[in-house]
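Only one structure is covered here, and it is reproduced in the block below.
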Amino acid sequence: MQNTNNTLQSVLATIIAERENWELNELSASNKRLYSILARCYAVFVDNNKTDDGRKAINDAAAALNVSFNEVTSTAAKVIKIIFGDGNRHQVSDYAKVLKIADAQDVGKADFEAWLSNSGGVYAVRRGNSLTPEQKQTAQTNAYSSGLAKLQQVGSIGSIAPHANVTARNGYVLAVCYVDANGALSVIQTVGNPDSDQVKAEIRRIGNDKAKSGKSNANTPVPTSTVANIAAAQATAQADALQAAINAGTDLNQSSTQQPIAA
């Protein structure tokens, strides 16, 4: 049985290696060539889609090549059918959709190939996941700002005074807390560094949740003064950190009885 498992693992490892080589070399080269062909299709599309004469020229070319179409077939789909044939309906739909999305985004003819590659390829664009790196960065920044604004609106549940167990300063941190049966909350320890990637990801999640529940305010930029106020409020909360616990004679390292944060 062990020999059988070893043989199977060896076969699978070989197939995995072949797949990785295909992705890195043949598939990558194939996609690059496809993007080049689609770029030329895009140029034909944008050059002829703006005028009646241009659209008629596409219709005439399709008819001359026996490419079928009807009254609702888009110019983009006609161009794709002419170049790729109309045997694969889904392929025609996907490629035509990419051309129309690029046109809607005012992608230049010379920029199309790079745009498609940077957007993740045909199916990423088709699914609407075609954010550029700059757009992704902007979306993350907006989500973070929205999350900060929401935290300010919610306000602080309570505060505890400075404590030896809490070494973080001047930033947001995650905390491990305990909630008892009565709803009283005890802070056990903080997690990670102030404003770490983990913390920022959670703040962005809060911002995105707000965007879904209140779209009218989702993309409202947070003024610098607001962010400063949030930081100041957070610093004040840390300045008060664990004082309630100390006053109550509680030490997070030594006490086995968890004390609620003063609300």
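Just one of (1) at pLDDT 85 or above; (2) not in a helix (DSSP H, G or I) fails for Ile157. It is (1).
The selection criterion, being assigned by TED's automatic domain parsing to the domain that holds Val191, at pLDDT 85 or above and not in a helix (DSSP H, G or I), holds for Tyr172.
Looking across Ala63, Ala76, one residue alone is closer than 25 Å to Arg126 by Cα and in a helix (DSSP H, G or I). It is Ala76. Exactly one residue among Asp103, Asp52, Asp47 is closer than 18 Å to Arg126 by Cβ and of a type outside the set (Val, Ile, Thr), and that residue is Asp103. Across region 110-122, the qualifying residues are those that are free of Cβ contacts under 8 Å to residues at least 40 places away in the same chain and surrounded by fewer than 20 Cβ atoms within 10 Å (Cβ to Cβ), and the one among them that is nearest to Ala43 (Cα to Cα) is Ala110.
Just to be sure before I move on: is Gly147 modelled with pLDDT of 80 or more and over 30 Å from the mean Cα position of the chain (by Cα) in the structure I sent? So that I can check it myself, show each step before the final result.
On the way: modelled with pLDDT of 80 or more: yes; over 30 Å from the mean Cα position of the chain (by Cα): no.
Considered against the rule, which asks whether it is modelled with pLDDT of 80 or more and over 30 Å from the mean Cα position of the chain (by Cα), Gly147 comes out as no.
Selection of region 84-109 for residues being crowded, with 16+ Cβ neighbours inside 10 Å and of a type in the set (A, V, I, L, M) yields Val92, Ala96, Val98, Leu99, Ile101, Ala102, Val107.
Any residue that is in contact (Cβ under 8 Å) with a residue 24 or more places away in the chain and of a type in the set (Asp, Glu) - is there at least one of those in region 64-77? Even if it seems obvious, please write down each step before you answer.
From region 64-77, those in contact (Cβ under 8 Å) with a residue 24 or more places away in the chain are 74-76; that's our starting set.
Checking which are of a type in the set (Asp, Glu) leaves us with none.
No, every residue in region 64-77 fails to be in contact (Cβ under 8 Å) with a residue 24 or more places away in the chain and of a type in the set (Asp, Glu).
Restricting attention to region 124-137, does a residue exist that is modelled with pLDDT of 80 or more, assigned to a loop (DSSP other than H, G, I, E, B) and under 30 Å from Leu27 (Cα atoms)? Yes - at least one qualifying residue is present in region 124-137. Is it true that some residue in region 31-39 is at pLDDT 90 or above and in a loop (DSSP other than H, G, I, E, B)? Looking through region 31-39, none of the residues is at pLDDT 90 or above and in a loop (DSSP other than H, G, I, E, B).
The values are calculated or read from the model by the stated rules, or taken from the named source; none is laboratory data. Bear in mind the structure is a predicted one, so any value in this text is a computation, not a measurement. Note: ideal-geometry Cβ built from the backbone for every residue, glycine included; neighbour counts use all protein chains shown.
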